[in-house]
Amino acid sequence: MPDPSKTSAVPGADEKTEVLPETAVQLVEMERLQNELAASEERAKNHWEQYLRALADVDNVRKRAAKDLENTRQFAVEKFAQDLIGVKDSLELALASASKADVASLIEGQSATLRLLAKAFEKAQIEEINPEGVPFNPEQHEAMMAQPSDAPANTVLNVIQRGYLLNGRLLRPARVVVSAAKS
């Protein structure tokens, strides 16, 4: 019978596993590659999260810009509208007092109302086009008729209706009478 003190409880425990040098290099290389893979996966996960955050930020900026644009569109004329309310109030006052007022006070009231309107236009950067005596400009003038005259051809002789520019952009052309060469 074998000696129990000399036998081990686990079969093969006494046997030593021998690692060959090329196997050890392969194991070290495999462990290094696994570590690099884990690190790369972690970086990829971080980059994906950064991408998602950036995408959400871009979407938020787009939504904020759309909201700002809508607010600007809705309230762009607010100051101009407030200025026009004063003009309307002045016109209503003139109509209410027209039966009691004399001609001079009516003329003064209309002049004051026109000044209020001119001030509102100035604040809104609406510029009046009154081209009398200048050469006809089809970009700002609309010729209603031509009239023989001693003035050079295509000169504005008379303004039928003034034109208006808003920040340099034409709102309405001036309607004019232009000179034509005498026959």
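Quick note: the coordinates plus some simple rules give every number you see, no bench work behind them. Note that this is a predicted model, so its numbers are computed, not measured. Here Cβ is always computed from backbone atoms with ideal geometry, including for glycine, and neighbour counts include all displayed protein chains.
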Restricted to the stretch 127-183, the DSSP antiparallel beta bridge percent, nearest 5, is 60 percent
Magnitude of the Cβ-charge dipole (Lys and Arg +1, Asp and Glu -1) of the stretch 126-183 about the Cα centre, nearest 20 debye, reported as 120 debye
At R0 = 45 Å the Cβ-Cβ FRET efficiency linking Ala81 and Gln34, nearest 0.05, sits at 0.05
If one compares the long axis through the Cα atoms of helix 21-75 with the longest principal axis of the Cα atoms of the chain, the angle in degrees, nearest 10, works out at 20 degrees
The helix 78-97 Cα axis meets the longest alpha-carbon principal axis of the chain at an angle in degrees, between 0 and 90 and rounded to 10, of 30 degrees
Length gained, Arg115-Lys63, 0.36 nm per residue minus C-alpha separation, equals 14.5 nm
Of all DSSP beta bridges having both residues in the chain, the percent classed as antiparallel (nearest 5) is 65 percent
Most fluctuating of Glu127, Glu108, Glu78 in the GNM of the chain (C-alpha, under 10 Å) is Glu108
FRET efficiency for Lys123 and Lys182 from the Cβ-Cβ distance with R0 = 30 Å, rounded to 0.05, comes out at 0.10
Between Lys100 and Ser149, the two model label points (7 Å from Cα along the beta-carbon direction) sit apart by a distance in nm of 4.6 nm
Relative contact order in percent for the chain (Cα pairs under 8 Å, 6+ apart) equals 15 percent
Computed for the chain: size of charge dipole around the Cα centre, +1 on C-beta of each Lys and Arg, -1 on C-beta of each Asp and Glu, debye to nearest 20, value 1380 debye
So the angle from the long Cα axis of helix 103-123 to the longest Cα principal axis of the chain, reported in degrees to the nearest 10, equals 30 degrees
